[in-house]
Amino acid sequence: MRQTNKDMLVVGVALFAMFFGAGNLIFPPYMGLLAGTDWRWALLGFLITGIGMPLLGIIAAARAGGTVEDMGRRVGPWFGRLLGIVIILAIGPLLAIPRTGATAFELGIRPSLPGFSTVLFSVIFFAVTLWFALNRSAVVDKIGKYLTPFLVVTLAWIIIRGIFMPLGSIAETELQGAAGRGFREGYQTMDALASLVFAQIVIGTLVLKGYDNVKDQVKMASVAGGIAALGLGLVYGGLMYLGASASSMYPPSVERTDLLIAIASGLMGDNGKIVLGLAVSLACLTTAIGLTATVADYFSGMSGGRIGYKLIAVVTVVFSGIFATVGVTTIVNVAFPLLITVYPVAIALILLTLIGGVVAHRAVYIGAVAGGLLTSIPEALTEAGLPVVFLNTVVGKIPFAGAGFAWILPVIAGALIGLFVVRFRRKQGNVQEASISG
């Protein structure tokens, strides 16, 4: 029992470190600033997508077989591969990796060296990223073991000071539907998507520790995920409160990185700003290295080794380095349409996998995914500046659309239609597929 508890703690801390991407720190304070006195509602929504869904994603992926392809394959073999590619690109060169470089520059370099070239920093940052990713050096892992605790302690000190010596008063804001906005802001962490990839790492670790039974793996992953969720909840909650306490001081148009810098400076002075910037920058570097290796491993493996790891790593960092120069805000804005499209699908797959039983049929998964896409695609087009007026009018009439949850009822309706099809075919004696296990 003692060994089991120790293993749960070790895996839980490792999960916390994986989800604790330094680039994610810029979102809770900004959400708190926007929500003001409604920051608790915003936090609730943010925690659901930023922590709750990643935790459930780990558990669901473990039940499905351990990989993102296993999860997506419940819709169809091709969909499993497509979902894997989309998620790897999202947490890789399309969004997450460039954001690490842009965040490192805006938090670690620009405040102290305002005249430093964005392009030059990007070249240096991603050259170092490529060197470590190609050499698979254990130095990065060793740095990470010390860097994550250092960053957590730094943030804890800032949060505690902010609680006992607030920067300002919490103001009422014009934000409507704080919970819904927090829910959608949580998309930007991309942790629910990443959890479907991280699950394979977690399951592999548990197997090495001797937990071969799927039931034991799910139990261990659940407890370890709970440990990670507790740590993330304390950090995100504290940061959102700090943002709310600054809502009377800064306008909603403030940049996310500038807000975090202002909070650190206001609570700890210039030295605090420098320490936080350095810690976040190094954490962003280790995150970029890990994600680059993950992307290269995935696509090299998918090609059966025909496309080499090194080539994919080079292409990844070159694209990421160029994209990083546009800045955090632009990357966040570009990310939103994609995340709006993918997140309802991922949430539907996670929840259906956890429910299992009577809904464990391919038709149910197909119906739910189709229902989510019918609403998320029009919303994504609107966010991308390509609105389809007729579709937006229809989506706007769906219950909960005003709060940002237009996809919920279509997902449920699609799943029910799929279940009806299964039962109808069963009555007709024409069921061609068995239920999906798990």
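Observations
Residue-by-condition table, conditions (1) touching a residue at least 12 places away in the same chain (Cβ under 8 Å); (2) of a type in the set (Phe, Trp, Tyr):
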residue	(1), (2)
146	no, yes
154	yes, no
166	yes, no
178	yes, no
194	yes, no
207	no, no
216	no, no
223	yes, no
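- Within the range 155-189, the set of residues being at pLDDT below 90 and of a type in the set (Asp, Glu) comprises just one member, 174.
- Any hit, the range 37-54, residues being closer than 30 Å to residue 315 by Cα and part of a helix (DSSP H, G or I): yes
- Subset of the range 352-399 [part of a loop (DSSP other than H, G, I, E, B) and in contact (Cβ under 8 Å) with a residue 12 or more places away in the chain]: 356, 360, 361, 384, 398
- Residues that are touching a Pro at 6+ places or on another chain (Cβ under 7 Å) and within 20 Å of residue 397 (Cα to Cα) were ranked within the range 327-385; the one that is modelled with the lowest pLDDT is 383.
- Residue in the range 61-80 that is touching a residue at least 40 places away in the same chain (Cβ under 8 Å), touching a Lys or Arg at 6+ places or on another chain (Cβ under 8 Å), of a type in the set (D, E, K, R) and surrounded by fewer than 20 Cβ atoms within 10 Å (Cβ to Cβ) present: no
- Hits in the range 190-238 (condition: at pLDDT 90 or above and not in a helix (DSSP H, G or I)): 190
- Between 288, 279, the distinction of being crowded, with 24+ Cβ neighbours inside 10 Å, out of contact with any Pro (no Cβ under 7 Å at 6 or more places or on another chain), more than 30 Å from residue 354 (Cα to Cα) and modelled with pLDDT under 95 belongs to 288 only.
- The range 175-189, residues that are buried (at least 20 other Cβ atoms within 10 Å of the Cβ) and in a loop (DSSP other than H, G, I, E, B): 175
- Out of 118, 129, 100, 67, sole residue that is β-branched (Val, Ile, Thr) and in contact with a Phe, Trp or Tyr (Cβ under 7 Å, 6 or more places away or on another chain): 118
- In the range 261-301, the residues that are more than 23 Å from residue 170 (Cα to Cα) and free of Cβ contacts under 8 Å to residues at least 60 places away in the same chain: 270, 271, 297, 300, 301
- Filtering the range 156-174 to residues that are out of contact with any Gly (no Cβ under 7 Å at 6 or more places or on another chain), of a type in the set (A, V, I, L, M, F, W, C) and not in a helix (DSSP H, G or I) leaves only 165.
- Among the residues of the range 247-260, those identified as within 27 Å of the chain's Cα centre (by Cα), surrounded by fewer than 22 Cβ atoms within 10 Å (Cβ to Cβ) and touching a residue at least 40 places away in the same chain (Cβ under 8 Å) are 250, 252, 254, 255, 258, 259.
- Residue match in the range 143-166 (condition: among the hydrophobic types (A, V, I, L, M, F, W, C), surrounded by fewer than 20 Cβ atoms within 10 Å (Cβ to Cβ), in contact with a Leu (Cβ under 8 Å, 6 or more places away or on another chain) and farther than 17 Å from residue 279 by Cβ): yes
- Test: residue 116 is out of contact with any Pro (no Cβ under 6 Å at 6 or more places or on another chain), modelled with pLDDT of 90 or more and either part of a loop (DSSP other than H, G, I, E, B) or not assigned by TED's automatic domain parsing to the domain that holds residue 206 (or both): yes
- Boolean, residue 87 is modelled with pLDDT of 90 or more and either buried (at least 21 other Cβ atoms within 10 Å of the Cβ) or not in a helix (DSSP H, G or I) (or both): yes
- Residues in the range 364-385 that are surrounded by 22 or more Cβ atoms within 10 Å (Cβ to Cβ) and not polar (S, T, N, Q): 364, 365, 367, 368, 369, 371, 372, 378, 379.
- Residue selected from the range 137-149 under the condition part of a helix (DSSP H, G or I) and either under 23 Å from residue 52 (Cα atoms) or not β-branched (Val, Ile, Thr) (or both), by the criterion modelled with the highest pLDDT: 149
- Only one of 312, 331, 322 that is surrounded by fewer than 19 Cβ atoms within 10 Å (Cβ to Cβ) and not assigned by TED's automatic domain parsing to the domain that holds residue 386: 322
- Test result for residue 152, modelled with pLDDT of 95 or more and aliphatic (A, V, I, L, M): no
The values are calculated or read from the model by the stated rules, or taken from the named source; none is laboratory data. Keep in mind it's a predicted model, so treat the numbers as computed, not measured. For neighbour counting, all protein chains shown are included, and Cβ atoms are generated from backbone atoms with ideal geometry for every residue, glycine included.
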